[in-house]
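The values are calculated or read from the model by the stated rules, or taken from the named source; none is laboratory data. Keep in mind that this is a model prediction, so the values were computed, not measured. Every residue, glycine as well, gets a Cβ built from its backbone with ideal geometry; the counts of neighbours run over all protein chains shown.
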Number of protein chains: 2
Amino acid sequence: MKRVCIIGCGAIGSLYAAHLARVAEVWVLTRRKEHAEALNREGLRVSGTHNFTVRLRATDQAVELPDFDLGIVATKAAQVKPSIADAGSRFDQGALISAQNGLGSEEILAEHTRAQIIRGTTFMSGTRHSDTHVQYELDTSTWLGPFEPRGTPFAIVQEAADMLVQGGLKAEALPDARPAQWSKLIFNASVNGVSALTGLPHSPHFAAEAKSSDLGHLLHALIDEGKEVATAVGVELREDPWEMNKIGAMTNHPPSMLSDVRKQSPTEVDFLSGAIAREAARAQVPAPLHTAIYQLIRGKEAGWGFQHENQPVPAHETADRH
Amino acid sequence: MKRVCIIGCGAIGSLYAAHLARVAEVWVLTRRKEHAEALNREGLRVSGTHNFTVRLRATDQAVELPDFDLGIVATKAAQVKPSIADAGSRFDQGALISAQNGLGSEEILAEHTRAQIIRGTTFMSGTRHSDTHVQYELDTSTWLGPFEPRGTPFAIVQEAADMLVQGGLKAEALPDARPAQWSKLIFNASVNGVSALTGLPHSPHFAAEAKSSDLGHLLHALIDEGKEVATAVGVELREDPWEMNKIGAMTNHPPSMLSDVRKQSPTEVDFLSGAIAREAARAQVPAPLHTAIYQLIRGKEAGWGFQHENQPVPAHETADRH
């Protein structure tokens with residue numbers, strides 16, 4: 001039996017952990033001690049699309065981990081670095097899947113492990129009801145492909161996809177994961193940035209293009225700019241992010257970056273619009289809109305700290321013309 | 001003695017009304033009845049840079065107004081239309097100054113009065129302490145110039161500037177007000193938009209350009225884009241908006257659009273980035289960044305109503321990868 005470790009046990013990490021625990025020896029590395037204790041005590045329950053409960057092993061201490069055949073890093077993008085720093089060597093003989101939004105997590109993993117690294121892109125969704133209970137919602141595929149700079153063999157990618165499928169999830173091994181990853185990158189960067197700045201969930205506004213002030217024009221422009229960067233770096237998209245946006249705009253779903261700014265937590269913008277801006281600079285093509293979104297979100301993050309230090313004059317007391 | 005009417009009596013309107021009441025018969029048109037009653041009862045007090053109290057006449061009913069030699073519309077840009085609709089004919093034999101932020105107020109006035117219309121741009125600032133007490137802060141000039149489509153004679157502009165100076169304010173009559181108006185437009189559109197989207201007051205972030213994520217790059221790009229639109233429509237700027245931004249960035253002052261979004265009040269974006277986007281379209285030059293700011297602020301305004309209608313899933317309960 002293979003030994004697998006899930007790093008980060010939010011909704012997505014919980015879904016991977018529970019399903020894989022049906023076909024492998026699963027460990028979970030959590031951030032909080034109480035979370036690990038609850039999982040060891042109660043196991044992990046899945047409801048919704050699938051219904052079952054599994055036993056698994058959990059810890060918040062990387063030093064307690066054994067060596068693994070496979071790992072899935074399911075933290076938020078900003079947590080990848082601290083999560084893998086201590087645990088990286090436990091995967092040196094195996095493979096490690098990144099399951100973050102956006103671009104740039106694989107490079108961070110590569111600095112901390114000798115594992116074969118696999119690019120992962122997932123559209124699964126779930127709601128975390130407690131430390132030991134996750135509801136499985138969108139039963140959609142995880143796309144896996146080699147991380148080219150490390151030359152990950154396709155057979156290893158295929159093996160990882162097979163294990164996910166055996167556990168009851170949808171997964172597909174692709175010779176090149178970038179067309180899927182970039183499709184989702186462009187979609188996510190555009191939708192998350194606009195949502196976080198406007199406060200709107202992914203709603204019909206995002207596809208409206210009737211009036212010149214309508215947000216759909218901006219989404220279209222952001223997506224077109226992202227496509228041009230993809231072309232410049234030699235990636236042909238798997239899906240059209242504008243079509244993905246039109247479908248998503250019917251859901252009124254709050255994207256993760258909107259949830260982040262509501263909680264004043266650091267966002268993943270470095271891995272989304274920030275990544276598109278960096279790739280554009282590398283390829284020497286312009287990306288003014290994603291660059292603007294990147295800088296605005298960074299400014300918003302700076303504002304959280306700034307407002308605590310400085311008490312601005314209450315809004316109703318100022319009324320100058322500036 | 002000339003008869004003057006100030007329409008809108010916030011901080012700026014109060015400063016005009018009080019100073020002019022020292023050299024003219026001044027009426028004030030307010031939105032709220034209690035505001036007019038308080039002014040009639042107590043007069044209007046100025047503190048700060050200047051210190052005095054004046055008597056004047058106030059009403060919230062346009063039908064009670066007599067005919068005027070001069071008017072100053074000092075409402076917020078979004079209030080110009082409802083304010084002037086009933087009062088416009090009272091200025092048919094006189095002159096009317098617009099003192100709004102941005103571009104587009106003069107055109108609205110022109111639809112509702114036969115007055116000689118004067119473009120006004122002011123950098124005065126004040127804090128409104130109550131309905132009858134305003135603190136005068138920045139003792140800076142009001143620039144006045146003809147509204148070209150109406151062919152306002154320069155002598156009338158000069159006469160209005162003289163009256164403001166006699167009242168104790170700084171004012172300058174310019175043969176062409178657009179270089180000053182556009183300098184402030186570009187400055188205000190860029191600073192207000194970024195402030196409202198990030199939540200940051202006009203702080204050192206706005207001039208920082210060390211890191212690629214720094215907001216100063218975005219301000220610079222917005223200002224450069226505004227300058228290109230000004231050139232395309234044939235306006236040579238009076239001041240460099242980037243220099244204005246560098247100075248303002250040391251103040252930590254909350255721009256009016258930040259105050260608006262904190263209160264969830266409609267913003268003046270139509271007259272700021274929206275106006276730059278419209279002028280760019282008219283001149284057939286691109287303005288992608290001001291267009292994006294315009295659409296984002298409009299989206300933010302849409303979000304206020306939207307979130308009341310829909311209860312999104314609480315942020316801490318969702319953790320999917322979208």
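Hey, any hits in region A:164-177 for a residue that's assigned to a strand (DSSP E or B), within 12 Å of chain B (Cβ to nearest Cβ) and in contact (Cβ under 8 Å) with a residue 24 or more places away in the chain?
Going residue by residue through region A:164-177, those that are assigned to a strand (DSSP E or B) are A:171-173.
This time we only want the ones that are within 12 Å of chain B (Cβ to nearest Cβ), so: none.
No, because not a single residue in region A:164-177 is assigned to a strand (DSSP E or B), within 12 Å of chain B (Cβ to nearest Cβ) and in contact (Cβ under 8 Å) with a residue 24 or more places away in the chain.
Looking at region A:92-108, can you tell me whether even one residue there is under 27 Å from A:GLN264 (Cα atoms), among the acidic types (Asp, Glu) and crowded, with 21+ Cβ neighbours inside 10 Å? Within region A:92-108, one or more residues are under 27 Å from A:GLN264 (Cα atoms), among the acidic types (Asp, Glu) and crowded, with 21+ Cβ neighbours inside 10 Å.
Determine whether B:TRP182 is more than 12 Å from chain A (Cβ to nearest Cβ), under 27 Å from B:ILE117 (Cβ atoms) and surrounded by 18 or more Cβ atoms within 10 Å (Cβ to Cβ).
Here the answer is yes, as B:TRP182 does meet what is asked.
Across region A:279-305, the number of residues qualifying as free of Cβ contacts under 8 Å to residues at least 60 places away in the same chain, among the charged types (D, E, K, R) and either surrounded by 24 or more Cβ atoms within 10 Å (Cβ to Cβ) or facing chain B (nearest Cβ under 8 Å) (or both) comes to 1.
Return the residue satisfying two criteria in turn: it lies in region A:73-84 and is of a type in the set (Gly, Ala, Ser) and out of contact with any helix residue (DSSP H, G or I) (no Cβ under 6 Å at 6 or more places or on another chain), and of such residues it is surrounded by the fewest Cβ atoms within 10 Å (Cβ to Cβ).
A:ALA78
Residue selection: B:THR122 fails the criterion of being farther than 20 Å from B:VAL233 by Cβ, of a type in the set (Ser, Thr, Tyr) and surrounded by fewer than 24 Cβ atoms within 10 Å (Cβ to Cβ). Screening A:THR30 with (1) free of Cβ contacts under 8 Å to residues at least 60 places away in the same chain; (2) under 19 Å from A:GLN166 (Cα atoms) gives one miss only, at (2).
Does region A:266-273 contain any residue that is over 18 Å from the mean Cα position of the chain (by Cα) and surrounded by fewer than 20 Cβ atoms within 10 Å (Cβ to Cβ)? Taking every residue of region A:266-273 in turn, none turns out to be over 18 Å from the mean Cα position of the chain (by Cα) and surrounded by fewer than 20 Cβ atoms within 10 Å (Cβ to Cβ).
Here is the figure for region A:11-48: residues that are within 14 Å of chain B (Cβ to nearest Cβ) and touching a Gly at 6+ places or on another chain (Cβ under 9 Å) total 8. Comparison of A:ALA207, A:ALA171, A:ALA180 shows that the only residue that is under 30 Å from A:ALA24 (Cα atoms) and in contact with a Lys or Arg (Cβ under 9 Å, 6 or more places away or on another chain) is A:ALA180.
Per this entry, A:PRO149 is not counted among residues that are without any contact (Cβ under 8 Å) to a residue 60 or more places away in the chain and not in a helix (DSSP H, G or I).
The single condition among (1) touching a residue at least 24 places away in the same chain (Cβ under 8 Å); (2) touching a strand residue (DSSP E or B) at 6+ places or on another chain (Cβ under 9 Å) that B:LEU218 does not meet is (2). Considering every residue within region A:57-72, establish whether at least one is in contact (Cβ under 8 Å) with a residue 12 or more places away in the chain, buried (at least 23 other Cβ atoms within 10 Å of the Cβ) and not in a strand (DSSP E or B). Yes - at least one qualifying residue is present in region A:57-72. The set of residues in region B:196-215 being touching a Ser or Thr at 6+ places or on another chain (Cβ under 9 Å) and in contact (Cβ under 8 Å) with a residue 24 or more places away in the chain consists of B:ALA196, B:LEU197, B:PRO201, B:HIS202, B:SER203, B:HIS205, B:PHE206. Based on what the data block shows, is B:LEU138 at pLDDT below 95 and part of a loop (DSSP other than H, G, I, E, B)? Against the criterion (at pLDDT below 95 and part of a loop (DSSP other than H, G, I, E, B)), B:LEU138 qualifies. Under the condition of being surrounded by fewer than 18 Cβ atoms within 10 Å (Cβ to Cβ), in contact (Cβ under 8 Å) with a residue 40 or more places away in the chain and in contact with a strand residue (DSSP E or B) (Cβ under 7 Å, 6 or more places away or on another chain), the residues counted in region B:36-56 number 6.
Might you let me know whether region A:241-254 holds any residue that is within 30 Å of A:GLU111 (Cα to Cα) and either surrounded by fewer than 18 Cβ atoms within 10 Å (Cβ to Cβ) or in contact with a Ser or Thr (Cβ under 9 Å, 6 or more places away or on another chain) (or both)? Talk me through it step by step, then tell me what you get.
Taking region A:241-254 as the starting set, the residues that turn out to be within 30 Å of A:GLU111 (Cα to Cα) are none.
For region A:241-254, residues within 30 Å of A:GLU111 (Cα to Cα) and either surrounded by fewer than 18 Cβ atoms within 10 Å (Cβ to Cβ) or in contact with a Ser or Thr (Cβ under 9 Å, 6 or more places away or on another chain) (or both): absent.
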